[in-house]
Each structure stands twice: as structure tokens, then as C-alpha cells.
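We did not get these values from a lab; they are worked out from the coordinates using the rules stated. Quick caveat, the model's predicted, so the values are computed rather than measured. Counting neighbours? That spans all protein chains shown, and the Cβs are built from the backbone with ideal geometry, glycine included.
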Ligand code: GLV
């Protein structure tokens, strides 16, 4: 009998080719958020889970899955998984690091450029007939050349953003639990305390994982430290920013604008106050959303899953980052 695997949400069949003939797959419904109710009845038999970042895998869920041997998350972030609960039960956890670095860094630059040059506002005005003439003072934005970018979290994605930003002539500051001499030498990036980064940066870009230490890191005090024209960019995880504080910051003009690929909550309901600000650009968590990247993420997730089912070390095992 082939091992039973629950894939929480549908994926294109060609991304899952390596699973053919090796597992029995039950696929959850399309368009839902969170671990699908419809799959709960299958948990007692499941030996593997192939999850997305929207699925919460906690101790209560694991209690219902006594045969589970591997949780393979098709994401680099694993804040949706209780790693300690998995470790206690001997369940291997895998993720998809590295493969989405370039796509996510590309999107970060797209957000920085769009927010700096007020592209969503300008495009909306053109479409709505508000482009009456070439205006010497219309839609003015920020010069990136010579501006300071503060990168919070200098991991793989932070470094890929730093390389791109340096090519745009930006000066680089960063915070990170570890010094990154290679980025300092190659790009002139300077490691500073968070307070200093917030005070000195024209753009603050978040690239840290969501952990107990980073949850709520960008709170009212942090936002008040930023320059009045500075932009906040979040492609990390929504809860790194305190949403209510960001709403106030935009309402009261503490900062110049925000560009968010992740929000708290997620998805952000259509009537959420953040949508009311023309200087707040919101994308629906699309950092890794390119055909090639998503396919490679699925293939890595399948490789992790098969290794876990076969009792081999996972090729991309999570190293207890949020234990
Ligand atoms: C995307 O947010 C990921 O963690 O893969």
C-alpha cells in the first residue's frame, strides 16, 4: 500500500510528477485559506503533508495525525508550522529555501520602484482622465540614486535585494543577527542597530523571518522613528508590522508611504483601512509568483516529501529556526 499524502490545495499535475506511483494523494479544495476542513477526516491515515504557507500545522492538528512522518511546506517561511511539536513527534519538516530568492528580490525592487515613483497613483490618474497636461510638479517621487535603503534581515533575499539596490545607486544599511562581511565588502553595506537604520533610511525593506523576536518589530515607536518621506516595504511576513500602527502612520503622515506584499491579516479584507491610502501599495503575497519559481518550489517540496516518507534525510530540512 502506497503512503497517504495530503496535499492541502491543488497544484498543477506537472509540478507533482515525481510523486506519481509513489504516494496516494488526496488533494484539498481550491480557493480556501488555512488547513482544509475537508482533509481533517484523512489525517489519521496520513503519512505525509504537503502544505502551503496558509496552512497552520500545530500540535492539535498533529494529534490527529499519529502516522505522520513528514511535513513538507512549499514555502521558505515556516512560521505556519509548530516546529517544536513536529520535533517532539519525530516528524521531519522541509521547506524550499534559495529557489525563490531572486523572484522575491525582483518583486521587492518592483515595490520599491513603484512606491518611490508613485506608479500606482500616477497610472490610476492617467486612466481616470486626470492627466491634463505635462505637469512640472505632478506625481513627484523619490530619487533612488543616492537614497539610503535599510534592509532588515540580511539573509539570502536581503542580500539579493542589496545587490539590486546597489545597482540603482542606493546606499545600504542593514540589521541582522549575523554580520555579513561579504555584503559589506562587495556593496559597502553597513550593519547598524535597528533604531539607527529606521532613522537614517529613505526606504526600509523587511526581509526577516517571522519569529517571536520579529513579531511586531515595526510598531508605533519604530514607525515614528522613520523619516516623514520614508517608505516601508514588507515582503517578509505581515505580522512583522503592527497593522494598526501602520494605519495611523499613514493617516497622520509619520511616513511617506508603504508597499506591502504581505499583510496582517492575510488576505486583507477589501474594506480594510489600508486600502484607503493612495500611498499604500498592496500586492496579494506574490513574492515567489513566477512560473519557474513556483514550479521549482513544488519540485523541492516533493523531494522533501519523498525523502521523509522513505526515512531519508530531507534534502531541504528546516534547521529549527523558530524553535
Ligand atoms: C513565501 O512567502 C514563502 O515563504 O515561500
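For the chain, the convex hull spanned by the alpha carbon atoms encloses 146 Å³ per residue.
Rounded to the nearest 0.05, the FRET efficiency derived from the C-beta distance between residue 143 and residue 45 at R0 = 45 Å is 0.15. Between residue 125 and residue 167, the FRET efficiency estimated from the beta carbon spacing at R0 = 25 angstrom works out to 0.30.
Residues 47, 30, 182 in ascending order of nearby Cβ atoms (within 10 Å, fewest first): 30, 182, 47. When every Cα-Cα distance of the range 101-282 is counted in 10 angstrom steps from zero, the calculated P(r) takes the values 10, 39, 36, 13, 2, 0 percent.
Find the Cα radius of gyration of the range 10-105, compare it with 2.2 N^0.38 Å by division, and give the number to two decimals.
That ratio works out to 1.08.
Sort 233-239, 289-295 for me by packing, meaning the mean count of neighbouring Cβ atoms within 10 Å per residue, highest on top.
233-239, 289-295
For the modelled label position 7 Å from the Cα of residue 58 along Cα-to-Cβ, which residues of the range 92-114 have backbone nitrogen atoms closer than 18 Å? Counting only backbone N, you get no residues. Between residue 38 and residue 113, the modelled labels are 4.0 nm apart [label points 7 Å from Cα along Cα→Cβ].
Length gained on full extension, residue 266 to residue 221: 13.9 nm, using 0.36 nm per residue less the C-alpha separation.
Taking the fewest neighbouring Cβ atoms within 10 Å as the starting point, the ordered list for 178, 207, 272 is 178, 272, 207. In terms of the Cα gyration tensor, with a ≥ b ≥ c the square roots of its eigenvalues, is the range 261-323 rounded because a/c is under 1.5, prolate because a/b exceeds b/c, or oblate? Verdict is prolate for the range 261-323.
Among 299-310, 243-254, 49-60, how do they line up from the highest to the lowest mean number of other beta-carbon atoms within 10 Å?
Details: 299-310: 22.2, 243-254: 16.9, 49-60: 19.5.
Averaged packing, sorted descending, gives the order 299-310, 49-60, 243-254.
For the chain, the longest principal axis of the C-alpha atoms and the axis of helix 291-309 are separated by about 30°.
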